[in-house]
Amino acid sequence: MMGYTAGQHSTAKQSRKEIELAAAKLVEDKQAEDKASILSSDTVKEFLTQYYTKEKLGENNTRIQPYMTESAYSQELTSQNDTMNQVYKDYILDYHFEKADIFVNQTTNQAIAMVSYNVTYVSDLKNANQSKTNQTETRTVKLSYSKLPGKLLVNQVQVWKSGLDDLDKATPKTLEESSSVPSLPNTTTK
């Protein structure tokens with residue numbers, strides 16, 4: 001009888017341990033699910049890092065696609081094929097995300113960010129190694145997210161050249177720009 005009681009007690013301890021592990025896993029899974037469905041500055045920064053880090057126009061497409069809805073990704077590809085972007089694509093290289101001040105509205109699943117990134121301009125394609133200019137650019141970006149089962153995806157990207165202070169003074173047409181072409185410094189155009 002004593003062996004039976006000790007064995008039963010051992011089984012109960014093992015079951016309790018399994019139950020505790022299963023409960024911890026459920027809590028962890030729930031936290032991961034909540035994180036994936038609630039917009040946060042970390043989620044926005046992760047996308048912006050991929051969006052503003054690229055060697056040249058379109059190089060980051062495979063990295064940004066998982067973060068975007070089909071319609072937003074299609075719009076980005078259309079923007080990249082815009083005539084202005086195609087003209088400058090060989091002159092603007094090495095985009096590197098630097099930092100972003102991010103403001104998140106979890107109720108509307110939207111974010112506004114002041115993004116700073118470094119970019120290299122080439123003024124002479126024939127002598128590209130000697131004619132490079134590095135510059136830090138700043139853009140105001142508004143991201144709208146769509147909530148899909150288990151995740152949030154960027155549904156719309158709007159980019160402005162000016163800061164938040166200038167947005168109330170101008171119309172969207174005068175401020176909105178192509179997301180791919182930064183302002184060119186005077187030294188790269190002749």
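Residue-by-condition table, conditions (1) part of a loop (DSSP other than H, G, I, E, B); (2) at pLDDT 95 or above; (3) in the same structural domain as ASN118 (by TED's automatic domain parsing):
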site	(1), (2), (3)
PHE47	no, yes, yes
GLY58	yes, no, yes
THR62	no, yes, yes
GLN65	no, yes, yes
SER79	no, no, yes
ASP94	no, no, yes
GLU98	no, yes, yes
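Taking the residues in the range 84-126 that are loosely packed, with under 15 Cβ neighbours inside 10 Å and of a type in the set (A, V, I, L, M, F, W, C) as candidates, determine which candidate is farthest from SER40 (Cα to Cα).
Once the filter is applied, the top-ranked residue is LEU125.
Criterion first (in contact (Cβ under 8 Å) with a residue 24 or more places away in the chain, surrounded by fewer than 15 Cβ atoms within 10 Å (Cβ to Cβ) and assigned to a strand (DSSP E or B)) does THR136 satisfy it?
Here the answer is yes, as THR136 does meet what is asked.
Scan the range 83-92 and give yes if some residue there is part of a loop (DSSP other than H, G, I, E, B) and of a type in the set (A, V, I, L, M, F, W, C), otherwise no.
No.
Please work out which residue is modelled with the highest pLDDT, limiting yourself to the range 1-36 and to residues that are under 20 Å from PRO149 (Cβ atoms), of a type in the set (A, V, I, L, M) and out of contact with any Leu (no Cβ under 9 Å at 6 or more places or on another chain).
Residue satisfying both the conditions and the ranking: LEU26.
The values are calculated or read from the model by the stated rules, or taken from the named source; none is laboratory data. What you see is a predicted model, and the numbers here were worked out from it, not measured in a lab. Don't worry about glycine lacking a Cβ; one is built from the backbone with ideal geometry, like all the others, and counts go over all protein chains shown.
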